[in-house]
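The values are calculated or read from the model by the stated rules, or taken from the named source; none is laboratory data. Every value quoted in this text rests on a predicted model; they were computed, and no experiment measured them. All Cβ positions, even for glycine, are placed from backbone atoms using ideal geometry, and neighbour counts span all protein chains on display. With ligands, DNA and RNA removed, areas are computed over all heavy atoms of the protein, side chains included. Shrake-Rupley method; radii C 1.70, N 1.55, O 1.52, S 1.80 Å.
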Amino acid sequence: MVEQLKEWKGEPIRVGVIGGSGLYKLEKIQPVAEIDMETPWGKPSSPITIAKTQSGVHVAFLARHGRDHSITPSSVPCLANISALKHLGVRAILAFSAVGSLREEIRPKDFVIPNQIIDRTKGIRRASFFGEGEEKGVVAHAMFGDPFDEVLRPLVEKAVRETLEKFNPEVKVHGEKTVVCMEGPQFSTRAESLMYRAWGGDIINMSVLPESKLAREAEISYVLIATATDYDAWRPSSAAVTVAEVIECLKANVAASQEVTVSLLDLIHSHVSNDQESQAFKNIQGSMKFSVMTKSSVIPQEVKERIRYVHDWFARE
Ligand SMILES: CSC[C@H]1O[C@H](OP(=O)(O)O)[C@H](O)[C@@H]1O
Ligand SMILES: Nc1ncnc2[nH]cnc12
């Protein structure tokens, strides 16, 4: 029986999963509740499903584009998504994404765990909990040199590789790659696709930003699990990517992603749930305190309250 809730009153949830194109629910993990959350930045993309792994660990899942895929990459409510997960207690996000490949050796159906991002979004997506909207006038500069969690990323790569070796040995796993994030919704021109290759891009999507920036601001470890669906538009003698091609590949990728999720959830939970032993948690926790430039005394009370939905320590001194 899946309970319908407005808020979660159980133990804090430490691991969150964001499903991308094709991954609209976790098929292999038992759902126990569905939460219709409301944050200071509106409702998340979908109700948040709380599911229980076989060893009894609760995890949170949301569908980035909504369960019926009705939200464009440019209008994903990332502030609501990330703040809702943080409010539940989430310390690590595993974010799935369908990506185009910019390299011959990254074949459709392969998995990629990137370590860098090139930003090609167009400034139309709000990318910070600070400095915009109601939070105008609060200035913060988060570190983002290593956009993915450097403790969890290699662990995820290893676990994904081990799982896929058993599930489908033809699927290769590539680590330490660069993802280009473009605005969309149209795919790239051939000239752009070639330019991204020249810049050092290995894969391309429309979703890793501002999601990963907001996770960093929320002090949540974030790792992207990318699944290749196509060769974008750079191959001279191949047709440029189409949605039909992406969808054809998604089915296999989603089945593999469901397997990967099962094997990752307990592992990542064990790495972030212990305050003293979790290196990932120790590295990121408290990092935003040093990023805020604005004097607490000039920040209006209602703005402090909104930001405290994400950081309960905010501007208390
Ligand atoms: C369906 S092709 C373009 C679309 O697919 C990816 O979505 P997601 O990252 O949520 O899997 C890409 O980023 C685009 O949003
Ligand atoms: N070629 C591509 N460009 C951008 N996002 C994508 N998602 C899947 N394939 C893509």
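Side notes on the structure shown:
- The sole residue among VAL223, VAL139 that is more than 27 Å from VAL262 (Cα to Cα) and at pLDDT 95 or above is VAL139.
- Considering each residue of region 157-167 in turn, none proves to be open to solvent by 20 Å² or more (accessible area, probe 1.4 Å), of a type in the set (Lys, Arg), closer than 17 Å to GLU105 by Cα and touching a residue at least 60 places away in the same chain (Cβ under 8 Å).
- All positions within region 99-131 that are over 15 Å from ILE204 (Cβ atoms), under 16 Å from the mean Cα position of the chain (by Cα) and of a type in the set (D, E, K, R): ARG125, ARG126
- Restricting the search to helices (runs of 4 or more DSSP H) fully inside region 235-317 and requiring at least 2 residues that are more than 16 Å from ligand 1 (Cβ to nearest atom) and over 26 Å from LEU79 (Cα atoms) gives 243-272.
- Pairs meeting the criteria (first residue in region 198-227 and in contact (Cβ under 8 Å) with a residue 24 or more places away in the chain, second residue of a type in the set (Asp, Glu) and within 15 Å of ligand 2 (Cβ to nearest atom), beta carbons under 6 Å, at least 6 apart or on different chains) are ILE204/ASP232; LEU209/ASP119.
- Of all residues in region 256-273, one or more are under 13 Å from ALA98 (Cα atoms), more than 10 Å from ligand 2 (Cβ to nearest atom) and surrounded by fewer than 24 Cβ atoms within 10 Å (Cβ to Cβ).
- Within region 168-187, the set of residues being open to solvent by less than 80 Å² (accessible area, probe 1.4 Å) and more than 16 Å from ligand 1 (Cβ to nearest atom) comprises ASN168, VAL171, VAL173, HIS174, GLY175.
- Scoring ASP146 on the criteria (1) within 17 Å of VAL223 (Cβ to Cβ); (2) touching a residue at least 60 places away in the same chain (Cβ under 8 Å); (3) open to solvent by 70 Å² or more (accessible area, probe 1.4 Å) leaves a single failure, condition (2).
- Restricting VAL76, VAL59, VAL99, VAL90 to residues that are buried (at least 24 other Cβ atoms within 10 Å of the Cβ) and under 16 Å from CYS181 (Cβ atoms) narrows the list to VAL99.
- Any hit, region 195-213, residues being buried (at least 21 other Cβ atoms within 10 Å of the Cβ) and among the basic types (Lys, Arg): yes
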